[in-house]
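Following: one structure in structure tokens, then a few remarks.
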Amino acid sequence: MSLSVTLDKISLKKGYNLLISNLNLEVGSGDAISLTGQNGVGKTTLLRAIAGFFSPQTGKISAFDDHGLIDPIRFRTEFIHYLGHHDALSPTRTTEQELRFQAQYLNANENNYQFAVQYLNLSPLLDLETRLLSAGQKRRVSLARLLIAPRRLWLLDEPMSPLDAHQRDLAARLMQDHLSDGGIIIAAVHDPLPFETRIVHLTRPDLKAQEAALVD
Ligand SMILES: Nc1ncnc2c1ncn2[C@@H]1O[C@H](COP(=O)(O)OP(=O)(O)OP(=O)(O)O)[C@@H](O)[C@H]1O
């Protein structure tokens, strides 16, 4: 089933700070977006808005499948994986406990758990508490969630940053497989993802737009 996500003239503010003004974007099954722009421009904020953590000040974010508009709560809970740049792992759980917790939380089956462990080569880490893992290992464990529970839209914040060259290749393969299966990826990155993606480069809204937002 196809999926498309539309951002229609959205504006995002943090405090008094207008970060994004009148942004339009449309993505569909198989699309990958590399979201670039300088530090603080609003890449993470945009990913979090698409994930539904808060609503845009103006404009609309909508998702459609073959049956039409998807209910926003259903879209948020059934279609999206959001992986922030902080790995959301409980420090005192072992990797296995953490992944099994996630599998249970996400209502995933044993096969998906086993597949994720194998695909990401996590067996050597299963008995270690996650607080003991290196930054790259933590990221690899975080990526497992993408395989444990299939979701169509992956919102990834700096997914490659702590990974070494070998693990980057593995993560790139994981993402390309997702796109081949009709998934969508929007990733905040400083270096574009290492395969064909559409680059959306965010820049600060001009002074006029920022001043106008102050009186809204
Ligand atoms: N409560 C607030 N009031 C005003 N500005 C805020 C508030 N919270 C965050 N900001 C600003 O909003 C921006 C949010 O940036 P965000 O994390 O989305 O940027 P980014 O493009 O992902 O940056 P990086 O590349 O450094 O990860 C920052 O400039 C930050 O200073």
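Numerical summary
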item: Candidate set: the stretch 43-75, residues that are touching a Lys or Arg at 6+ places or on another chain (Cβ under 8 Å) and part of a loop (DSSP other than H, G, I, E, B); chosen: the one farthest from the ligand (Cβ to nearest atom); result: GLY52
item: Residue match in the stretch 29-37 (condition: among the hydroxyl-bearing types (Ser, Thr, Tyr), at pLDDT 95 or above and within 13 Å of the chain's Cα centre (by Cα)); result: yes
item: Residue check for ASP157: within 14 Å of the chain's Cα centre (by Cα) and among the acidic types (Asp, Glu); result: yes
item: Of all residues in the stretch 131-145 being touching a helix residue (DSSP H, G or I) at 6+ places or on another chain (Cβ under 7 Å) and surrounded by 17 or more Cβ atoms within 10 Å (Cβ to Cβ), the one that is nearest to PHE79 (Cα to Cα); result: ARG145
item: Matching residues, the stretch 12-22, being out of contact with any helix residue (DSSP H, G or I) (no Cβ under 7 Å at 6 or more places or on another chain) and away from the ligand (no atom under 13 Å from the Cβ); result: ASN22
item: Residues of the stretch 24-42 that turn out to be more than 8 Å from the ligand (Cβ to nearest atom) and over 24 Å from PHE195 (Cβ atoms), as a count; result: 1
item: Segments classed as helices (runs of 4 or more DSSP H), wholly inside the stretch 124-216, with at least 1 members that are touching a Gly at 6+ places or on another chain (Cβ under 8 Å), closer than 23 Å to ALA49 by Cα and hydrophobic (A, V, I, L, M, F, W, C); result: 165-180
item: Selected residue [of a type outside the set (Gly, Ala, Ser), out of contact with any helix residue (DSSP H, G or I) (no Cβ under 9 Å at 6 or more places or on another chain) and touching a residue at least 12 places away in the same chain (Cβ under 8 Å)] from PHE101, PHE79, PHE115; result: PHE79
item: Enumeration of residues in the stretch 160-199 that are more than 25 Å from MET1 (Cβ to Cβ) and in contact (Cβ under 8 Å) with a residue 60 or more places away in the chain; result: SER161, ALA188, VAL189, HIS190, PRO192, ILE199
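The values are calculated or read from the model by the stated rules, or taken from the named source; none is laboratory data. Just so you know, these numbers come straight off a predicted model, no measurement behind them. Every residue, glycine among them, receives a Cβ derived from its backbone with ideal geometry; neighbour counts consider all protein chains shown.
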